[in-house]
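Reviewing the structure listed below.
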Amino acid sequence: MAELESLETAAEHERILREIESTDTACIGPTLRSVYDGEEHGRFMEKLEARIRNHDREIEKMCNFHYQGFVDSITELLKVRGEAQKLKNQVTDTNRKLQNEGKELIIAMEELKQCRLQQRNISATVDKLTLCLPVLEMYSKLREQMKSKRHYPALKTLEHLEHTYLPQVSHYRFCKIMVDNIPKLREEIKEVSMSDLKDFLESIRKHSDKIGETAMKQAQQQRNLDNIVSQHPRISGGKKSKKEVCASSDLEVKNTSPMSEQDSGILDVEDEDEDEEVPGAQDLVDFSPVYRCLHIYSVLGARETFENYYRKQRRKQARLVLQPPSNMHETLDGYRKYFNQIVGFFVVEDHILHTTQGLVNRAYIDELWEMALSKTIAALRTHSSYCSDPSLVLDLKNLIVLFADTLQVYGFPVNQLFDMLLEIQDQYSETLLKKWSGVFRNILDSDNYSPIPVTNEDVYKKIVGQFPFQDAELEKQPFPKKFPFSEFVPKVYNQIKEFIYACLKFSEDLHLSSTEVDDMIRKSTNLLLTRTLSNCLQNVIKRKNVGLTELVQIIINTTHLEKSCKFLEEFITNITNVLPETVHTTKLYGTTTFKDARHAAEEEIYTNLNQKIDQFLQLADYDWMAMEPGSKASDYLVDLIGFLRSTFAVFTHLPVSHLYQIASFSGKVAQTACMSACKHLSTSLMQLLLEAEVRQLTLGALQQFNLDVEECER
């Protein structure tokens, strides 16, 4: 049994030794563990040492077998070492020679290497500069444009630089600086362009009156041209409308392109003589600052901001322009400057409307015009009410018409202005009436109330030419002779015609129909006759120092003026071409005026006579207790009858050639005056008898009173 186990152990140890010999050292651990796990590791160690000795013997045998070859090999190696030494020496010598010979080549190669490096660097630099130079050139161009105030081109250059050139060289530091500067440059361009716009707006505000003056001169020239063409119909084929003429003269504004680089403001223009051609109103203005600023803000995406700013500033300027000076009513130049500024403002806005897209629109213009129209009309109503000179009112009307015509050319509605002129026409009529009131007073005050003496044919024709008077009997009489009326008749008649002419002047260019003009003239003339002239005549008649002769002459004068009313009707018809038979034609009330004046003069005659009778009666001194009557009538009564006789003699000493007037006058006025005087005298005498103070009467006193009454009867 022990032998069997010994054999198995020996076999196991053999197997382990084979594994150790054939197994990689990295995997020997498990094998050795199996040895130590058993109890026969001592015997295994013996077995292992026996195996080692066995291998040592095999190695020794093998070495002994190959030793001669090893010696031969060593001998060969020693020989090779000598040859190798020789070869080394040769190689060292060759290397030394090569080194000595290649030093220049190495230097040249180093130089070539350096040159190649420099060439490569230069090439790279050129390539980079090729990319950078356009950027720098564009930036330099940008700064130059900014310096020369070419802001719109500068903005275009900036856009090109930012989107085209800088992205190609964005990794360079100077490009980053440029990129950081771009927003600042944009803001600078905005600020500078806005500054130019502010200068432009300020300049426009200061020179609006010059622009408006030029536009109104154009309108005046066109009106004159229209008048010339209307007077010469043969050349009407070449006539242009106002709109066409203004359009042809409308400005091709210089440098309106956004690329224009001119400064803002008003171009200098010398004052034009009236005979020379007036330049277009907008030719005076350089609008390039507006266009540049508009384009710049549009490119920068801030167009709405620009539009709001422009409109806000122009609204402020409109309010300033529409504020009239406090002394505007004193002179026509005050009104003219006011109108010039308004026209200048709207000429500029109209041009902006038609040369920009959306900077201003029609609604904005209409809003401004409505405000301007209301403020202008209110100012004119206020200031024109202060005018007392009809010449100034007429000049103002002509100026308003020119103002309206000028703005109408540019498409602004002006009907309200013409409606307001009709209001001013009423005021004009009032100023005319005040003026003619003074004229009539001067004529009536300076008149001698005597028939006009005529010494020769020329004087006679002159007076007949001034006043429509025909009398065959007077024409047959030899010189010298007299007209029945005094000088105030032709003077008043001519002044009435002058008044009609003055009314007609106001109606010109108001776009009124002939019927409207005729109606306006007739109404004003009626006011002149029924109010102004009538009051003047009444004042003359009621004067304290007016005599009976003057009153008689006034009656004769008013009779002739009454007859001349039909000639005034014909005069108005001739200048208005409206027949008096027209349904709506107003009739002249001159006949009534002169009849009223004549009746007032007659009443004044009656009153004066009665007052004179009363004055004489105050001299009556009856002795109611007298026992005997006197031998003749009382002295006061004799004087009274003498006064009445001389008074009525005035009626019979008028020019003989006008007996028809005397007869008419004697049959009416003189007869009535005589009856009135007699009635008043008889009533006054009766009052003397019936006075409360007369308590007793004697027969002698009654007989004396009877003598006086009989004297009156004779």
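Which of the following residues is more than 15 Å from Lys434 (Cα to Cα), among the aromatic types (Phe, Trp, Tyr) and surrounded by 22 or more Cβ atoms within 10 Å (Cβ to Cβ): Phe506, Phe499? Show your work before the answer.
Numbers: Phe499 fails: more than 15 Å from Lys434 (Cα to Cα).
That would be Phe506, the only listed residue that is more than 15 Å from Lys434 (Cα to Cα), among the aromatic types (Phe, Trp, Tyr) and surrounded by 22 or more Cβ atoms within 10 Å (Cβ to Cβ).
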Check whether at least one residue in region 535-543 is farther than 20 Å from Glu423 by Cβ, open to solvent by less than 10 Å² (accessible area, probe 1.4 Å), free of Cβ contacts under 8 Å to residues at least 60 places away in the same chain and not aliphatic (A, V, I, L, M), and report yes or no. no
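In this structure, is Ala692 at pLDDT below 75, closer than 30 Å to Glu628 by Cβ and crowded, with 16+ Cβ neighbours inside 10 Å?
Criteria not met by Ala692.
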Checked Leu433, Leu474, Leu422 against criteria (in contact (Cβ under 8 Å) with a residue 40 or more places away in the chain, out of contact with any Ser or Thr (no Cβ under 7 Å at 6 or more places or on another chain) and assigned to a helix (DSSP H, G or I)); the one match is Leu422
Can you list the helices (runs of 4 or more DSSP H) found entirely within region 280-364 that contain at least 3 residues being assigned by the TED database to the domain that holds Ala379 and in contact with an Asp or Glu (Cβ under 8 Å, 6 or more places away or on another chain)? 288-299, 332-355
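What are the residues in region 408-421 that are within 27 Å of Cys503 (Cβ to Cβ) and surrounded by 14 or more Cβ atoms within 10 Å (Cβ to Cβ), if any?
Of all residues in region 408-421, those within 27 Å of Cys503 (Cβ to Cβ) come to 408, 414-421.
If the condition is that a residue be within 27 Å of Cys503 (Cβ to Cβ) and surrounded by 14 or more Cβ atoms within 10 Å (Cβ to Cβ), then Gln408, Val414, Gln416, Leu417, Phe418, Met420, Leu421 are the ones that fit.
Can you tell me which of Lys141, Lys176, Lys156 is basic (Lys, Arg), assigned to a helix (DSSP H, G or I) and assigned by the TED database to the domain that holds Cys293? Show your work before the answer.
Details: Lys141 fails: assigned by the TED database to the domain that holds Cys293; Lys156 fails: assigned by the TED database to the domain that holds Cys293.
When all the criteria are applied, what remains is Lys176.
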Can you tell me which condition Val492 does not meet? The list is (1) part of a helix (DSSP H, G or I); (2) under 30 Å from Val401 (Cα atoms); (3) among the hydrophobic types (A, V, I, L, M, F, W, C), and all the others hold. (2)
Residue list for region 365-402, filter: among the aromatic types (Phe, Trp, Tyr) and modelled with pLDDT of 90 or more: Trp369
Filtering region 44-77 down to residues that are among the aromatic types (Phe, Trp, Tyr) and either assigned by the TED database to the domain that holds Ala11 or open to solvent by less than 80 Å² (accessible area, probe 1.4 Å) (or both) yields Phe44
Restricting region 292-328 to residues that are of a type in the set (Gly, Ala, Ser) and either surrounded by fewer than 17 Cβ atoms within 10 Å (Cβ to Cβ) or in contact with a Lys or Arg (Cβ under 8 Å, 6 or more places away or on another chain) (or both), the residue that is farthest from Pro183 (Cα to Cα): Ser326
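Per-residue answers, yes or no, for (1) touching a strand residue (DSSP E or B) at 6+ places or on another chain (Cβ under 7 Å); (2) surrounded by 15 or more Cβ atoms within 10 Å (Cβ to Cβ); (3) small (Gly, Ala, Ser):
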residue: Tyr152; (1), (2), (3): no, yes, no
residue: Lys156; (1), (2), (3): no, yes, no
residue: Glu159; (1), (2), (3): no, no, no
residue: Cys175; (1), (2), (3): no, yes, no
residue: Asp180; (1), (2), (3): no, no, no
residue: Glu187; (1), (2), (3): no, no, no
residue: Lys190; (1), (2), (3): no, yes, no
residue: Ser193; (1), (2), (3): no, yes, yes
Of the residues that sit in region 364-390 and are open to solvent by 70 Å² or more (accessible area, probe 1.4 Å) and not hydroxyl-bearing (Ser, Thr, Tyr), which one is farthest from the chain's Cα centre (by Cα)? Asp389
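The values are calculated or read from the model by the stated rules, or taken from the named source; none is laboratory data. The model shown is predicted, which means the values in this text are computed figures rather than measured ones. Reconstructed Cβ throughout: ideal geometry from the backbone, glycine too, with neighbour counts over all protein chains shown. With ligands, DNA and RNA removed, areas are computed over all heavy atoms of the protein, side chains included. Shrake-Rupley method; radii C 1.70, N 1.55, O 1.52, S 1.80 Å.
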